[in-house]
1. Within region A:152-170, can you find the residues that are more than 8 Å from chain B (Cβ to nearest Cβ) and either modelled with pLDDT of 95 or more or in contact with a strand residue (DSSP E or B) (Cβ under 7 Å, 6 or more places away or on another chain) (or both)?
2. Filter region B:81-112 down to the residues that are more than 15 Å from B:Thr144 (Cα to Cα) and either within 14 Å of chain A (Cβ to nearest Cβ) or of a type in the set (Val, Ile, Thr) (or both) and list them by number.
3. Inside region B:162-171, can you point out the residues that are surrounded by 14 or more Cβ atoms within 10 Å (Cβ to Cβ) and out of contact with any helix residue (DSSP H, G or I) (no Cβ under 7 Å at 6 or more places or on another chain)?
4. Sort through A:Gly145, A:Gly138 and tell me the only one that's touching a Gly at 6+ places or on another chain (Cβ under 8 Å), within 22 Å of A:Phe51 (Cβ to Cβ) and without any contact (Cβ under 8 Å) to a residue 24 or more places away in the chain.
5. If you go through region A:181-193 one residue at a time, do you hit one that is open to solvent by less than 20 Å² (accessible area, probe 1.4 Å) and either among the charged types (D, E, K, R) or within 28 Å of A:Pro80 (Cβ to Cβ) (or both)?
6. Take the residues in region B:113-129 that are at the interface with chain A (Cβ under 9 Å from one of its Cβ atoms) and polar (S, T, N, Q), then tell me which one is surrounded by the fewest Cβ atoms within 10 Å (Cβ to Cβ).
7. Pairs please, first residue from region A:73-92 and surrounded by 12 or more Cβ atoms within 10 Å (Cβ to Cβ), second anywhere and acidic (Asp, Glu) and part of a strand (DSSP E or B), Cβ atoms under 7 Å, 6+ apart in sequence or on different chains.
2 protein chains.
Amino acid sequence: MASVETTALEKIEAPAPATGAPKAPPPETKAAASITNNFAVIDVVLRVLLFASALVAVLVMVTSKQTELVQIPFPPFRAPLAAKFNQSPAFIYLVAAFSVAGFYSIITTLLSVYALLKPDCSTKLLSHLVIFDVLLLGIVASATGAAGAVAYIGLKGNSHVGWQKVCDNYDMFCKHIGSSIAISLFGSVVLVLLVLLSIYSLSKKIPK
Amino acid sequence: MASVETTALEKIEAPAPATGAPKAPPPETKAAASITNNFAVIDVVLRVLLFASALVAVLVMVTSKQTELVQIPFPPFRAPLAAKFNQSPAFIYLVAAFSVAGFYSIITTLLSVYALLKPDCSTKLLSHLVIFDVLLLGIVASATGAAGAVAYIGLKGNSHVGWQKVCDNYDMFCKHIGSSIAISLFGSVVLVLLVLLSIYSLSKKIPK
């Protein structure tokens, strides 16, 4: 790390070539371009992570169906009953929100790779993308919260209003739901990091 | 609106005074300062709105206690039972999140007024405040989602897992909860607008 920093400092502090090499860009521009490039690479990596987490969260949630024999008050006294994610609106909201986030991350990864190849237009692109990032963050965070709240009632129940816990019967279903919510939380954090990276990158471009 | 835009354009396009008035700032700087000032005023207004919505959301949620006579299976067959917000972890989370948002908005309103009075340091302040705005947006949006999901179960119930609706017994309680969640949603939207305003204001300061 130290050697890299020294090189960067040397690059910045090196005097501009006097004459004879008019085509070479000044060292300050080179250093700034290198910083912009680093931001763009981290941006692409975070967007790929967002896509992966959205895909896994949706898949784990959708494949959570579990059928168990439960007691019923009339003959034959036991009947198979399935627990599915689409029995709760909160889980449907989570699947919808992360499907949108997945498609969005595919499109923006491509745009981000384009900005990596053409750094000239990256500022404008970045400041437009971050707007949608913030809106998606609101949706994704609320979906994670909603699904988490319902899953918590399923796990612990609520004795005050007589809502019984579900997870002692449907253990695999609850493991799927819990994993999906954990991955959703990771996706939300990735989206927060994306927004913070864009803001940091924008504020770096403002002249002192 | 048209006349204002024309005046602004005239200000920007007016040629700089040649000599004789060295103390007057160039018109570009004046126009830029005016834009920065406008952003700062909207910033202060949005932060005051955030404080108001956080305060009202917490107060409406905390004052939601309702006691009703409910049927019980043993004599005297009817007993008073209270519904309070702190019987659900999701509602406690909402109160905690918006209490934090309220205190945060007081501090940042003061900082924002300070930036309005001293526009020189507003860029640095703004780019630091927006980081916390984004983090708070994640917390506030997830709290709104969590409380909304639990309130929806209270309103509609969930027949698949046998969770019964609560709102036919506790009508005033549910009105309080619903109002509080609606105001929370408004607060989350205000926070999104604050983040977008900061990003727009930062991107305006980048030289073309």
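The values are calculated or read from the model by the stated rules, or taken from the named source; none is laboratory data. Values in this document were obtained by computation on a predicted structure and should not be read as measured data. Cβ: placed from backbone, ideal geometry, glycine included. Neighbour counts: every protein chain shown. Just so you know, the surface numbers come from the protein's heavy atoms only, side chains and all, with ligands and any DNA or RNA stripped out. Shrake-Rupley method; radii C 1.70, N 1.55, O 1.52, S 1.80 Å.
1. A:Gly157, A:Asn169, A:Tyr170
2. Listed by number, the residues that qualify are B:Leu81, B:Ala82, B:Ala83, B:Lys84, B:Asn86, B:Gln87, B:Ile106, B:Ile107, B:Thr108, B:Thr109.
3. B:Gln164, B:Asn169, B:Tyr170
4. A:Gly145
5. Checked against the condition, which is being open to solvent by less than 20 Å² (accessible area, probe 1.4 Å) and either among the charged types (D, E, K, R) or within 28 Å of A:Pro80 (Cβ to Cβ) (or both), region A:181-193 yields no hits at all.
6. Restricting to residues being at the interface with chain A (Cβ under 9 Å from one of its Cβ atoms) and polar (S, T, N, Q), the top hit is B:Thr123.
7. Once the first residue is surrounded by 12 or more Cβ atoms within 10 Å (Cβ to Cβ) and sits in region A:73-92, its partners that are acidic (Asp, Glu) and part of a strand (DSSP E or B) give A:Leu81/A:Glu68.
Conditions tested, residue by residue: (1) farther than 27 Å from A:Asn38 by Cα; (2) polar (S, T, N, Q); (3) at pLDDT 90 or above.
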{"position": "A:Val62", "(1), (2), (3)": "yes, no, yes"}
{"position": "A:Ile72", "(1), (2), (3)": "yes, no, no"}
{"position": "A:Ala79", "(1), (2), (3)": "yes, no, no"}
{"position": "A:Gln87", "(1), (2), (3)": "yes, yes, yes"}
{"position": "A:Ile92", "(1), (2), (3)": "yes, no, yes"}
{"position": "A:Ala97", "(1), (2), (3)": "yes, no, yes"}
{"position": "A:Ser105", "(1), (2), (3)": "no, yes, yes"}
{"position": "A:Leu116", "(1), (2), (3)": "no, no, no"}
